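I have placed the structure first, in the form of structure tokens, so that the comments after it can refer back to it.
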Amino acid sequence: AIPTSLANMSDEVDKLAAGDKEEEEEELDCSVPEVVNKYQFAGKVANAAIQKVAAECAVGKDVAELCELGDSIINQELANVYKGKKIEKGIAFPTCVSLNNCCGHFSPLKEDSVQLKDGDVAKIDLGVQVDGYVALVATTVVIGEVSGPAADAIMAAKSAAEVIIRCLKPGKKNSEITPLLERCVDAFGCKAVDGVVSHQIKRFTTEGTKVITNKNVPGHQVEEAAIEPHEAYAVDIVVSTGEGKCRELDTKCTVFKRAPDQKYNLKMKTAREALFKIEKTHPKMPFSLREIDDTRVRLGITECVRHELLQPHPVLYEKETEKVAQIKFTVLLMPSGPLKITGVDIPDTVKSDKQIEDEEIIELLKQAVKKKKGKKDKKEGEEAK
């Protein structure tokens with residue numbers, strides 16, 4: 001996940017509430033076929049949405065309209081499932097299309113939108129949830145031909161993603177994975193963006209107790225943890241041709257999330273109306289201001305943020321001359337190996353003149369991601385369909 005700010009990186013690794021709730025979440029892991037089914041269905045919808053948005057990316061296309069397209073596909077695909085059941089379903093992260101040196105979270109309103117140009121590097125990012133089981137996905141699309149630094153960044157992200165999925169094995173420690181990712185990205189003359197981490201995910205949250213950082217950042221160490229069977233992870237690789245240090249500029253923030261533990265007696269009526277609507281429609285997941293068509297309610301968002309009732313996901317940027325690429329996918333750790341439920345393949349036409357020469361990483365990339373299927377594994381796959 002791209003951090004809301006680097007200062008908040010340590011907060012993202014805080015443990016979830018203990019007690020009965022934690023025990024219940026641990027029981028409902030990927031050892032339960034119904035849980036796997038819901039993850040896979042959410043993944044199917046997420047993949048369909050991001051593929052359609054990617055297919056529409058062309059010179060002159062409006063970014064706000066592309067974001068609306070992604071969200072509408074998700075809502076349409078979910079409208080006809082689990083009817084009559086009290087199952088929450090919907091957008092787990094609103095569609096964002098972040099261009100060039102923008103690291104993420106660009107999901108503009110129509111009046112603030114821009115059009116795609118030839119050579120733009122567009123990062124598409126979105127998420128879907130079914131009964132609280134979240135599937136996140138992101139990919140990078142280049143408008144026109146891709147070469148040079150942009151290709152380097154994309155191939156660095158792709159290679160790092162291939163490294164991490166091979167490391168997601170029971171017993172492997174997050175501290176062992178990070179150095180491999182750093183060396184992989186460095187081989188392409190790029191840097192991982194500061195503060196971006198891959199999260200363990202649990203029901204109704206995209207920020208579980210375990211994280212894997214893409215690089216070590218002084219002063220922002222994460223708690224060491226080991227990978228365990230039946231966990232789910234959102235792998236997020238964001239790579240820059242620059243130093244990997246992102247900052248906020250003056251772009252309007254449109255993506256927010258309710259801060260569940262924060263309370264405040266709001267004075268403004270518009271703010272109370274905004275909070276009431278958000279708690280009703282988006283109590284746990286991030287949302288976009290696009291979904292709030294009432295201008296008065298939008299005005300109330302400011303006070304909610306000021307009193308920390310809403311957590312903003314600000315639009316972050318690298319230096320203007322740099323290019324940023326992103327690959328994100330969701331993976332379930334099954335007995336037969338990692339089960340990737342979201343993800344978009346990078347076309348073979350994207351090539352870099354740089355290559356990995358690190359022998360340890362080369363050998364790792366030769367390994368199969370999953371075990372060879374036996375009868376037991378085939379039965380497991382059939383049950384999860």
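The values are calculated or read from the model by the stated rules, or taken from the named source; none is laboratory data. All values derive from a computational prediction rather than experimental measurement. In this analysis, Cβ positions are derived from the backbone assuming ideal geometry, glycine residues included, and neighbour counts consider all displayed protein chains. Protein only, heavy atoms only, side chains kept; ligands, DNA and RNA dropped before computing areas. Shrake-Rupley method; radii C 1.70, N 1.55, O 1.52, S 1.80 Å.
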**Request:** Taking Gly171 as the residue in question, decide whether it is modelled with pLDDT of 95 or more, touching a strand residue (DSSP E or B) at 6+ places or on another chain (Cβ under 8 Å) and open to solvent by 20 Å² or more (accessible area, probe 1.4 Å).
**Result:** yes
**Request:** Please verify whether segment 71-80 includes one or more residues that are open to solvent by 60 Å² or more (accessible area, probe 1.4 Å), closer than 23 Å to Val121 by Cα and at pLDDT 95 or above.
**Result:** no
**Index of the failed condition, Asp186 passing every other in (1) of a type in the set (D, E, K, R); (2) more than 30 Å from Pro283 (Cβ to Cβ); (3) under 17 Å from the mean Cα position of the chain (by Cα)** = (3)
**Prompt:** Quick one: would you say Lys354 is open to solvent by 30 Å² or more (accessible area, probe 1.4 Å) and modelled with pLDDT under 95?
**Reply:** no
**Prompt:** What number goes with the only condition from (1) assigned to a loop (DSSP other than H, G, I, E, B); (2) surrounded by fewer than 21 Cβ atoms within 10 Å (Cβ to Cβ) that Arg183 does not pass?
**Reply:** (1)
**Message:** Give me the strands (runs of 3 or more DSSP E) completely within segment 84-130, filtered to those with at least 1 residues that are open to solvent by 20 Å² or more (accessible area, probe 1.4 Å), free of Cβ contacts under 8 Å to residues at least 40 places away in the same chain and within 17 Å of Thr321 (Cβ to Cβ), ordered by residue number.
**Reply:** 89-99
**Request:** Would you confirm whether any residue within segment 63-86 is over 19 Å from Val45 (Cβ atoms) and among the aliphatic types (A, V, I, L, M)?
**Result:** yes
**Request:** Kindly provide the set of residues from segment 100-154 that are small (Gly, Ala, Ser) and within 18 Å of Ala64 (Cα to Cα), ordered by number.
**Result:** Gly104, Ser107, Ser113, Ala122, Gly127, Ala138
**Prompt:** Regarding Glu223, is this residue acidic (Asp, Glu) and over 13 Å from Ala160 (Cβ atoms)?
**Reply:** yes
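Let's see how each residue does on (1) closer than 12 Å to Ala325 by Cβ; (2) basic (Lys, Arg); (3) in contact with a helix residue (DSSP H, G or I) (Cβ under 9 Å, 6 or more places away or on another chain); (4) part of a helix (DSSP H, G or I):
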site	(1), (2), (3), (4)
Lys158	yes, yes, no, yes
Phe188	yes, no, yes, no
Ser198	no, no, yes, no
Pro218	no, no, no, no
